[in-house]
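Down below is the structure, laid out as structure tokens.
Bear in mind that the values in this text are calculations on the coordinates, not laboratory data. All of these numbers come straight from a predicted model, not from anything done at the bench. Here the Cβ positions follow ideal geometry from the backbone for every residue, glycine too, while neighbour counts run over all protein chains shown.
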Protein chains: 2
Amino acid sequence: MTHTLKHHWLAILAGTGLSAAALAWDALPLQVPVPADNPQTEAKIELGKQLFFDPRFSSTGTISCNTCHNLFLGGDDNRPTSMGVHGRTGPRNAPTVWNSAFHATQFWDGRAASLEEQAKGPVVASVEMGMADLDMVAKRMRAITGYQAAFARAFGGDNPVSIDNAAKAVAAFERTLITPNSPYDRWAQGDANAMLPNQVQGLLLFDQLGCTGCHQAPFFGGPNKRGGHFAVFPFHDGEYVGTYNLRADMGRHAVTGRKSDRHKYKVPTLRNVALTAPYFHNGAVPTLDQAVRVMATTQLNATLFEEEVAHISAFLNALTGEFPSIAMPRLPPTPGASIPTE
Amino acid sequence: MTHTLKHHWLAILAGTGLSAAALAWDALPLQVPVPADNPQTEAKIELGKQLFFDPRFSSTGTISCNTCHNLFLGGDDNRPTSMGVHGRTGPRNAPTVWNSAFHATQFWDGRAASLEEQAKGPVVASVEMGMADLDMVAKRMRAITGYQAAFARAFGGDNPVSIDNAAKAVAAFERTLITPNSPYDRWAQGDANAMLPNQVQGLLLFDQLGCTGCHQAPFFGGPNKRGGHFAVFPFHDGEYVGTYNLRADMGRHAVTGRKSDRHKYKVPTLRNVALTAPYFHNGAVPTLDQAVRVMATTQLNATLFEEEVAHISAFLNALTGEFPSIAMPRLPPTPGASIPTE
């Protein structure tokens with residue numbers, strides 16, 4: 001290490017000799033939590049993949065889950081806020097779908113308790129997929145005869161094509177979308193060379209500054225050290241609050257009405273965060289370095305040296321995992337006629 | 001066959017005993033034409049696949065080639081006309097990209113002579129991907145560092161990232177998008193049971209009515225029997241011309257200025273036509289059956305019995321091929337910052 005240590009934390013850490021084991025730096029589990037009423041099956045996962053990529057469940061026939069949660073990229077759309085039907089934009093940044101199965105609550109404001117519940121939201125949001133209501137979605141699914149067989153294979157029963165079953169299938173597919181074996185994970189499993197020295201330094205700094213108070217290993221999202229999944233953001237004042245308009249959104253308050261939920265958000269995972277610029281609930285911060293600066297000041301009331309920002313960013317880059325190879329789905333054809341579109 | 005033969009053609013055909021061999025009903029070739037200056041290579045095809053699925057070369061970061069030429073479906077978007085950036089719609093229906101490598105001319109009006117030339121169009125069309133100009137596209141490609149290595153692998157040289165090379169890569173990928181082994185193809189190769197009896201009857205009717213004057217086997221698109229790739233549509237008058245506003249578009253005339261090119265269009269392939277509703281250059285006709293009726297009256301001045309329509313539709317359904325299994329691309333990440341979007 002040839003750089004000059006400017007900040008007291010770096011000086012402290014240089015002498016700690018902390019090991020991964022001592023700090024319980026675990027690797028990402030390969031098993032995701034699976035609800036008892038929606039076990040994983042091949043047929044369900046395949047159907048969920050089809051639904052995830054199918055644009056015909058948007059009013060215009062142009063927007064699928066993958067439009068904003070792009071699996072070819074970091075599971076998001078790299079836009080400040082997403083663009084749905086008719087070019088409409090919403091108020092919030094699309095969170096990554098990769099590893100979302102590890103989240104105990106969904107959406108920035110935690111208004112869905114499960115992936116199943118989440119899946120029913122965007123399809124009827126006017127600025128996203130724009131369908132009038134879920135009945136219309138079910139009607140379109142039934143109009144595509146190829147889905148009848150796919151739902152029957154996945155769920156059986158007399159009327160397998162339903163919104164609840166569609167949501168279960170999408171959730172089952174999403175539970176396969178995990179990205180293990182990041183440099184961090186390999187380091188955590190004992191490969192001391194898997195992270196570069198500055199990435200290890202970034203990890204230690206990340207912990208000592210208090211980032212792990214909310215973003216704990218191995219998921220680097222909730223739960224925080226007290227078991228909670230939410231945090232007030234921004235917590236401290238400072239120039240960034242105005243620059244990036246960080247208090248315009250009331251966050252979870254809009255869901256619960258509780259005063260204590262003002263500007264409260266789900267703690268998002270930091271896995272693959274290097275791929276998901278721009279940052280925060282409103283996507284106002286364009287770079288990872290700047291996101292690190294904003295978090296340090298607004299959450300920890302700390303101003304970082306540029307070298308520290310660089311170390312932490314380097315560590316965050318070590319959270320980029322390996323993406324599974326997925327065969328493209330074939331979608332059942334639109335039979336006989338086109339689906340009516342706006 | 002239990003139905004009643006109402007039309008003279010059916011009566012005639014029932015006694016012909018025409019065999020596939022006698023009529024030169026060939027199966028789709030497995031080799032597509034490849035230009036001498038753009039040979040197929042694995043590196044180029046893989047790069048082309050990435051570019052084809054990458055939405056970052058649209059002004060909003062939301063529209064990729066696959067948005068309107070959806071490979072999960074019939075290679076189009078099942079919309080009357082496509083929806084590009086900001087929800088803008090253009091004047092023409094998206095043609096399928098499947099088997100487009102067999103077309104000798106591209107776009108409905110044949111304004112591109114090759115897939116390479118075609119690929120440069122939609123990216124800068126204001127109602128499609130909406131980029132200001134091709135230089136901006138090249139700038140975005142260069143900003144994604146992962147593409148530098150991919151272009152270098154595919155093309156070598158000092159400055160491999162260029163629009164020309166991107167177009168070559170996309171075209172190389174598109175030359176892999178062929179769908180052989182349709183029921184028709186298997187029938188043409190000697191499996192007499194690959195098509196149902198009414199599909200064979202539809203094929204014979206399709207030929208005897210004169211559809212093969214333009215839509216010849218094995219591609220069922222151009223060239224026609226005199227070697228041409230264009231046809232005036234609609235050719236005859238009739239109620240459908242007004243109903244579907246079929247003469248509002250001047251077709252190839254807008255490209256050449258020639259009076260003889262008024263309302264002239266490329267003869268599109270009919271392969272996978274059952275998957276690509278709605279139909280014609282303006283996407284005004286919602287069903288395949290109705291498209292058959294329209295073609296019979298506007299091009300052949302013939303009014304079909306409903307039974308004949310059903311037979312021809314059944315035959316057209318036999319042109320749905322087998323779609324290759326394709327692994328999803330991983331796109332190189334947006335490095336450090338988000339791509340600026342409108």
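Inverting the pair-averaged 1/r between distinct Cα atoms of the stretch A:156-201 gives 13.7 Å as its Kirkwood hydrodynamic radius.
GNM remark for chain A: springs join alpha carbons under 10 Å apart, and the peak mean-square fluctuation among A:Val255, A:Val285, A:Val170 falls on A:Val255. Springs between Cα atoms under 10 Å define the GNM used for chain B, and in it the highest mean-square fluctuation of B:Thr145, B:Thr81, B:Thr96 occurs at B:Thr145.
Extension gain for A:Ala327 to A:Lys120 (0.36 nm times residue separation, less C-alpha to C-alpha distance): 72.1 nm. How fast does the stretch B:46-205 diffuse by Stokes-Einstein, in µm²/s, taking the Kirkwood radius from C-alpha pairs at 20 °C and 1.002 mPa s? Using the Kirkwood radius from Cα pairs, D works out to 125 µm²/s.
On full extension of the chain, what length is gained from B:Thr41 through B:Thr303, given 0.36 nm per residue of separation minus the C-alpha to C-alpha distance?
The B:Thr41-B:Thr303 span can extend by a further 89.4 nm.
Working note: Debye formula, equal point scatterers on the alpha-carbon atoms of the stretch B:143-242, no solvent; log10 I(q)/I(0) at q = 0.10, 0.24 Å⁻¹ is -0.57, -1.25.
Within 10 Å of the Cβ of each residue in A:155-165, the mean number of Cβ atoms contributed by other protein chains is 0.
Under the combined filter of DSSP loop state and at most 10 neighbouring Cβ atoms within 10 Å, the stretch B:242-342 retains these trypsin sites (Lys or Arg not before Pro): B:Arg258.
Rg and Dmax over the alpha-carbon atoms of the stretch A:27-76 stand at 13.6, 42 Å. Looking at chain B as a GNM with Cα springs under 10 Å, which of B:Asp261, B:Asp77, B:Asp133 has the largest mean-square fluctuation? Highest fluctuation among the options: B:Asp133. Working value for chain A: equivalent-ellipsoid semi-axes of 39, 22, 17 Å, each the square root of 5 times a Cα gyration tensor eigenvalue, largest first. Hey, what D do you get for the stretch B:255-342 in µm²/s if you plug the Kirkwood alpha-carbon radius into Stokes-Einstein at 37 °C and 0.692 mPa s? Taking Rh from Cα pairs, D becomes 195 µm²/s. Listed values for the stretch A:150-155 are Karplus-derived 3J(HN,Hα) couplings in whole Hz (6.51 cos²θ - 1.76 cosθ + 1.60, θ = phi - 60°), namely 5, 5, 4, 4, 7, 10, and x replaces Gly and Pro. Normalised by the number of residues in chain A, the average gap of Cα pairs under 8 Å and 6 or more apart makes the relative contact order 23 percent. Based on the Kirkwood approach, the hydrodynamic radius assigned to the stretch A:221-279 is 12.7 Å, with every pair of different Cα atoms included.
Here the stretch B:198-253 is described by how far its Cα atoms reach on the three principal axes: 35, 27, 14 Å, from widest to narrowest.
From the helices alone, meaning DSSP H stretches of at least four residues, give me the mean residue ellipticity at 222 nm for chain A, per-run term -39500 (n - 2.57), in deg cm²/dmol to the nearest 500. Kindly include the intermediate steps, with their values, before the conclusion.
Working: 13 runs with 114 residues, N = 342.
Rounded to the nearest 500, it is -9500 deg cm²/dmol.
The chymotrypsin sites (Phe, Trp or Tyr not before Pro) of the stretch A:272-342 meeting both criteria, a DSSP state outside H, G, I, E and B (loop) and at most 15 other C-beta atoms within 10 angstrom of the site's C-beta, are A:Phe305. Close amide H pairs (under 5 Å, H built 1.01 Å from N) link B:Val285 with B:Tyr279, residues at least 5 positions away or on another chain. Within the shell of other residues whose beta carbon sits under 10 angstrom from the beta carbon of A:Val85, the net charge comes to -1, with Lys and Arg scored +1 and Asp and Glu -1. Dividing the mean sequence gap of close Cα pairs (under 8 Å, 6+ apart) by how many residues the stretch A:42-174 holds gives a relative contact order of 32 percent. Calculate, in whole percent, how much of the Cα-Cα pair population of the protein assembly as shown lies beyond 49 Å. So the pairs more than 49 Å apart make up 21 percent of the total in the protein assembly as shown.
Dividing the mean sequence gap of close Cα pairs (under 8 Å, 6+ apart) by how many residues the stretch B:243-308 holds gives a relative contact order of 18 percent.
Based on the alpha-carbon gyration tensor of the stretch B:187-342 and its eigenvalue square roots a ≥ b ≥ c, which shape applies: rounded if a/c is under 1.5, prolate if not and a/b is larger than b/c, or oblate? Present the calculation step by step, with values, prior to reporting the outcome.
On the way: a/c = 2.01, a/b = 1.23, b/c = 1.63.
Here the stretch B:187-342 falls in the oblate category.
Counting every other Cβ atom within 10 Å of each residue's Cβ, B:Trp108, B:Trp25 order from fewest to most as B:Trp25, B:Trp108. Cα centroids of the stretch B:41-117 and the stretch A:277-331: 32 Å apart.
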